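Peer 1: Below is one structure. I have some questions about it.
The values are calculated or read from the model by the stated rules, or taken from the named source; none is laboratory data. It should be emphasised that the depicted structure is a prediction, and the values quoted were computed from it without experimental measurement. Virtual Cβ from ideal backbone geometry, glycine too; neighbours counted across all protein chains shown. Just so you know, the surface numbers come from the protein's heavy atoms only, side chains and all, with ligands and any DNA or RNA stripped out. Shrake-Rupley method; radii C 1.70, N 1.55, O 1.52, S 1.80 Å.
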Amino acid sequence: MCRCSRMLLSGLLTGALVVVVSVMEVDKMDENEWRYHGEGNKSLVVSHVQLSIVLRLLKYPAEDSENPPQTVEQAFRQVQNIVDFSSNVMSCLLGEKFVHSGEVVKLPLEFVRQLSIKVQHQRPASRRDKVMDIYSGCALCLPNLTSPTLHQPTHTPTLCIEIKPKCGFLPYSKHVSQDIKTKVCRFCMHQHYKVAMGMWKRRSRYCPIDLFSGNRQRMHFAIRQLIEEPQNNLKIFKGGQCIFSSLEGIDDLMDLNSLLHHLRPYFQYGNNRINSHMTSKALLNDFIQVLVNALLSAGSGDGGVVMDRRGEGWSSCEASMFNKERTRHGSQGSPSNSVLSRLRQTQMLDTLDIEGLYPLYRRVEQHLQDFPKERTRLQMDGPYNEAFLEKLQKCPSDDDGSLEYAVSKVHQYRVAMTAKDSQIMVALVPSCEEEEDDEGLPSQRQLRDFVSSRPPAFSYSVSILDLDPKPFDNIPRQLHLDHNIVSCYLRSGCALPKGALPSHSGLFSAAEREDCTLLFHPV
């Protein structure tokens, strides 16, 4: 691979942002150059049809459509806070190579209004209770991580996997009141609650403790469960277009046969696997193994293994469907500079659990009620700068009863919640065989599996996104939700709630569910 083709992905994405910002400085912007990309609870995203960039615009309740809830200055500050929190806080904790903070841009209002009209009919019905901000013109410009500018010698569209891994550790705080929380992870308990509330028809068998374990068999099993029941924790893109997901609980969007059809061209070239002779099971195994390699290898060249800060190693969730007796001897814990390890370390800033954190929240809240102007000095709403990061890193280990301790712990919890709710994006591009001996760079390296019948090599990039600051005022809701989730799980008797459907039977055969290891069968 030539030197110019091994440019760091971050540099390429930064260049794309420079281009789009210069385009936005032109008075007339064409809404037809943008298309609906997706949306969350607080923002809507559109992507450019040619450039590898997206615009993220704010949303607010539909009843406020005639009277915007904030001024232009407040909207700008909200978007700038997202950028500052990502670049000054999360980037330092997670690693710059994984984080793309973006840039605040000011858009022509007429363009924003026309764009809002264009995408309205493409939005899911369940999201239309909120409308796009058409008054401030403020937006966040980011690289389109579903179609990054990677070196592509084969001209094959980029394959991009978006994973929302959730919390990767079991709470160990002395403040935890229910012992079950130390044995069953939050995600597995939350599945019972979501099915009981009608949010999903089936429980996912995915367990984040398995994914974060660093053990290849457990990780392989976890990803298999994500594919079987993706919910909103897995999406797969090809050339920027979503080819596999489960949006808004619509089962028709999950088609494993269609996914395998899209994946086959990426994996049929090695080991005489031509003319589609590769079995579906072997194809899926190869795909998962390449993904596991990326999650473990990215940026981990000089890292060791990070163990649990309690000194107890990496624990297991009792609700996980993984058969622990089948675990072969292998590593427990991700390489210290891998994306999973960095994410988990940041999540573990939540040292007290919400039950231990809530009294400290009340201490801060009471102080702010008595002295409202202190909210700015204590940086409850930003600015997210070096001083904010210093409060996190210099927090005393023991509670001395001070306001400063409470504030630091609250900030740590908010950062941990951002890490727990973030997403990992893995972009893959097949590499040419003659490039096999090239060393590559951390953000664009070669992936090969560890058995003789290996899948093809890939260039890859790994990123972390959705790194918005969590509101201070949201902590009481988190406590209430935690109580509801645990209560529902205990009432369920650790079984499917009444009326729930079993997991998808059509995606994998019973034999395939039983054999979810990294064993490869001859083709």
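Peer 1: Can you pull out the residues in segment 39-76 that are open to solvent by 20 Å² or more (accessible area, probe 1.4 Å), touching a strand residue (DSSP E or B) at 6+ places or on another chain (Cβ under 8 Å) and among the hydroxyl-bearing types (Ser, Thr, Tyr)?
Peer 2: Ser65
Peer 1: Next question, about the same structure. With the condition kept exactly as written, say whether any residue in segment 157-165 is within 30 Å of Leu479 (Cα to Cα) and open to solvent by 20 Å² or more (accessible area, probe 1.4 Å). Let's see the steps before the verdict.
Peer 2: Taking segment 157-165 and keeping what is within 30 Å of Leu479 (Cα to Cα), we get 162-165.
Those left that are additionally open to solvent by 20 Å² or more (accessible area, probe 1.4 Å): 162, 164.
Yes; the residues of segment 157-165 include at least one that is within 30 Å of Leu479 (Cα to Cα) and open to solvent by 20 Å² or more (accessible area, probe 1.4 Å).
Peer 1: Just to check your reading of the model, which residue among Val104, Val131 is open to solvent by less than 40 Å² (accessible area, probe 1.4 Å), in a strand (DSSP E or B) and either closer than 26 Å to Ala427 by Cα or free of Cβ contacts under 8 Å to residues at least 24 places away in the same chain (or both)?
Peer 2: Going through Val104, Val131 in turn, the sole match is Val104.
Peer 1: Here's something else I'd like to know. Of all residues in segment 367-406, which are without any contact (Cβ under 8 Å) to a residue 60 or more places away in the chain, in contact with a helix residue (DSSP H, G or I) (Cβ under 6 Å, 6 or more places away or on another chain), of a type outside the set (S, T, N, Q) and in a loop (DSSP other than H, G, I, E, B)?
Peer 2: Matches in segment 367-406: Leu378, Cys395, Pro396, Asp399.
Peer 1: Please name all residue pairs, on different chains or six or more residues apart, with Cβ atoms under 8 Å, provided the first residue is in segment 260-277 and is more than 16 Å from Phe458 (Cα to Cα) and modelled with pLDDT of 85 or more and the second residue is assigned to a helix (DSSP H, G or I) and open to solvent by less than 70 Å² (accessible area, probe 1.4 Å).
Peer 2: Filtered contacts from segment 260-277: Leu260/Ser280; Leu260/Leu283; Leu260/Leu284.
Peer 1: Separate question: Just to be sure I understand the filter: pairs with C-beta atoms under 8 Å, separated by 6 or more residues or on different chains, first member in segment 414-425 and in contact (Cβ under 8 Å) with a residue 40 or more places away in the chain and of a type in the set (Lys, Arg), second member crowded, with 23+ Cβ neighbours inside 10 Å and in a helix (DSSP H, G or I). Which pairs pass?
Peer 2: Pairs that qualify, where the first residue is in contact (Cβ under 8 Å) with a residue 40 or more places away in the chain and of a type in the set (Lys, Arg) and the partner is crowded, with 23+ Cβ neighbours inside 10 Å and in a helix (DSSP H, G or I), are Lys420/Gln347.
Peer 1: Residue by residue through segment 177-229, note down the ones that are of a type in the set (A, V, I, L, M), under 21 Å from Arg491 (Cβ atoms) and in contact with a strand residue (DSSP E or B) (Cβ under 8 Å, 6 or more places away or on another chain).
Peer 2: Our first condition is that a residue be of a type in the set (A, V, I, L, M); within segment 177-229, this holds for 180, 184, 189, 195-197, 199, 209, 211, 219, 222-223, 226-227.
Add one more test, that the residue is under 21 Å from Arg491 (Cβ atoms), and what stays is 180, 184, 189, 195-197, 199.
If the condition is that a residue be of a type in the set (A, V, I, L, M), under 21 Å from Arg491 (Cβ atoms) and in contact with a strand residue (DSSP E or B) (Cβ under 8 Å, 6 or more places away or on another chain), then Val195 is the only one that fits.
Peer 1: Moving on to the next point. Looking at Thr146, Thr156 in this structure, which one is under 16 Å from the mean Cα position of the chain (by Cα) and assigned to a loop (DSSP other than H, G, I, E, B)? Let's see the steps before the verdict.
Peer 2: Working: Thr156 fails: under 16 Å from the mean Cα position of the chain (by Cα).
After ruling out the rest, the residue left standing is Thr146.
Peer 1: Among (1) open to solvent by 70 Å² or more (accessible area, probe 1.4 Å); (2) modelled with pLDDT of 95 or more; (3) assigned to a loop (DSSP other than H, G, I, E, B), there is one condition His329 misses while meeting the rest; what is its number?
Peer 2: Failing condition for His329: (2).
Peer 1: Please enumerate the residues belonging to segment 23-48 that are of a type in the set (Val, Ile, Thr) and either modelled with pLDDT of 90 or more or over 30 Å from Ile243 (Cα atoms) (or both).
Peer 2: Val26, Val45, Val46
Peer 1: Do the conditions hold for Tyr206, that is, is it in contact with a helix residue (DSSP H, G or I) (Cβ under 8 Å, 6 or more places away or on another chain) and free of Cβ contacts under 8 Å to residues at least 40 places away in the same chain?
Peer 2: yes
Peer 1: Would you mention how many residues in segment 346-389 are of a type in the set (S, T, N, Q) and surrounded by 19 or more Cβ atoms within 10 Å (Cβ to Cβ)?
Peer 2: Counting residues in segment 346-389 that are of a type in the set (S, T, N, Q) and surrounded by 19 or more Cβ atoms within 10 Å (Cβ to Cβ) gives 2.
Peer 1: Condition (residue is open to solvent by 50 Å² or more (accessible area, probe 1.4 Å), modelled with pLDDT under 95, assigned to a loop (DSSP other than H, G, I, E, B) and touching a Ser or Thr at 6+ places or on another chain (Cβ under 7 Å)) applied to segment 173-186: is it met by at least one residue?
Peer 2: Checked segment 173-186: no residue is open to solvent by 50 Å² or more (accessible area, probe 1.4 Å), modelled with pLDDT under 95, assigned to a loop (DSSP other than H, G, I, E, B) and touching a Ser or Thr at 6+ places or on another chain (Cβ under 7 Å).
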